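Notes to accompany the following structure.
Just so you know, all these numbers are worked out from the coordinates, no wet-lab data involved. Just so it is clear, the model here is predicted, and its values are computed rather than measured. When we count neighbours, we look across all protein chains shown, and the Cβ atoms used for this are built from the backbone with ideal geometry, even at glycine.
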Amino acid sequence: MSHDRHYKLVSSLKPGKIALPVLIGLGVVFWLIVKEIDSDVMSQIRFTWKSVFWLFVAWLCMVGRDLGYMIRIRILSEKDLNWRQAFRVIMLWEFTSALSPSTVGGTALAVVFIHKEGISVGRSTSIVLATSFLDELYFVIMFPLILLMVGSDVLFTTSLQGTGIALLNNLVIVAVIGYVVILAWVLLVGYGLFINPVKIRNVIIWFFKLPLLKKWHESAVKTGDDIVESSQELKKKPFFFWIKAFTATFLSWTSRYWVVNAILLGFFIVKDHLLIFARQLVTWIMMIISPTPGGSGFAELILGRFISDAIQADPAIVGSLALAIAIIWRIVSYYPYLIIGASIVPGWIQKKFVRQAKKR
């Protein structure tokens, strides 16, 4: 990708361009607050030193999540990225993911972020594809394990009024669709990276020649070329390299899924931590098909339903309390990336593009 192409991509991060998706996400959350949460509900959530402590623990879980990401990207770059560069790349990557629907993500921009830190475009693409593969592999492995440990009936139904077999069936369908999408991606990328990249490239290009998909044909060709080039880079890596990278991935995602547990402990007594952990994981799988930026609105609504069993309160308001906790969860795990990213992006664009263009 050329300098101009890179700049065109990152220009989408300017304040004027990011305002709309942020407002859409905030609008959905505000509508949920107005519709579901009143003063009686908020009076049940009391902030004490105990709640402050557990909110701090929740924040530490997010730190563990980002630390896992940073360790992994340093492993994948073979430490050509230092800790400061790794932090900057991860924050920018999370920022773009928070602004995009979950089905889109921020992978195209991630290549630019890594490349601008001194890594070649080819290696940057390899790192991004390997990262995506490892992330989705975590879900592919963990979802069946969670189903075995918890059971689908317990995982998808709660005692909250309005749940039951109908909601069970709907949530199972959504989760299965999300899982199938993830599994298909893992199989496609895994086969392409480690077995036969040329064949996968040809299949992708053929698929995007279909009438409904023709407008994405050029991007599909680029993706196929990236897989072929990345395969040459990643096939050389020893098995222990992948063990280290997956261990960092496991640290990152597992830390993220303890966030809600920590928040709940700040306000209530939690009896089944594994179930709450499992429901967070399933929420993220279902967010794959959410059309809103960062899954805003969808994530709060689904998780609010899922954690209602963990809240000991009047059945009439337990649903609203659960939604309030879900919104606190998003305040801890989602909105900080918008703030950090927005503070980094202007200076980063100025340094990596404007100043470099002037030097040329």
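Mind ranking 181-191, 73-83 by how tightly packed they are, going by the mean number of other C-beta atoms within 10 angstrom, highest first? Let's see the in-between values first.
Numbers: 181-191: 16.5, 73-83: 18.1.
The peptides rank, most packed first, as 73-83, 181-191.
Taking the Cβ-Cβ separation of I205 and S120 as r and a Förster radius of 30 Å, what is the calculated FRET efficiency to the nearest 0.05?
Numbers: r = 24 Å, r/R0 = 0.80.
The pair I205/S120 has a calculated efficiency of 0.80.
Per Stokes-Einstein, at 25 °C and 0.890 mPa s, what whole-number D in µm² s⁻¹ belongs to the stretch 198-253, with the Kirkwood radius over Cα pairs as the hydrodynamic radius? Numbers along the way, then the final one.
Values: Rh = 13.2 Å.
After rounding, the answer is 186 µm²/s.
Can you compute the modelled spin-label distance between L23 and K222, with each label point 7 Å from Cα toward Cβ, in nm?
The modelled label-to-label distance comes out at 2.8 nm.
Check the straight Cα-Cα distances from K351 and name the aspartates and glutamates below 14 Å, setting aside those fewer than 8 residues away within the same chain.
Result set, ordered by chain and number: E117.
What distance in nm separates the two pseudo spin-label positions at L188 and V57, each 7 Å out from Cα along the beta-carbon direction?
Result for the modelled spin labels: 4.1 nm.
What is the calculated FRET efficiency for V180 to L148, with r their C-beta to C-beta distance and R₀ = 25 Å, to the nearest 0.05? If you can, show how the numbers build up before the last one.
Numbers: r = 18 Å, r/R0 = 0.74.
Once the sixth-power term is evaluated, E becomes 0.85.
Sorted by packing (mean other beta-carbon atoms within 10 Å per residue), highest first, where do 109-117, 334-342, 63-71 land? Don't jump to the answer; show the numbers that get you there.
Details: 109-117: 23.7, 334-342: 17.9, 63-71: 19.7.
The packing order, highest mean first, is 109-117, 63-71, 334-342.
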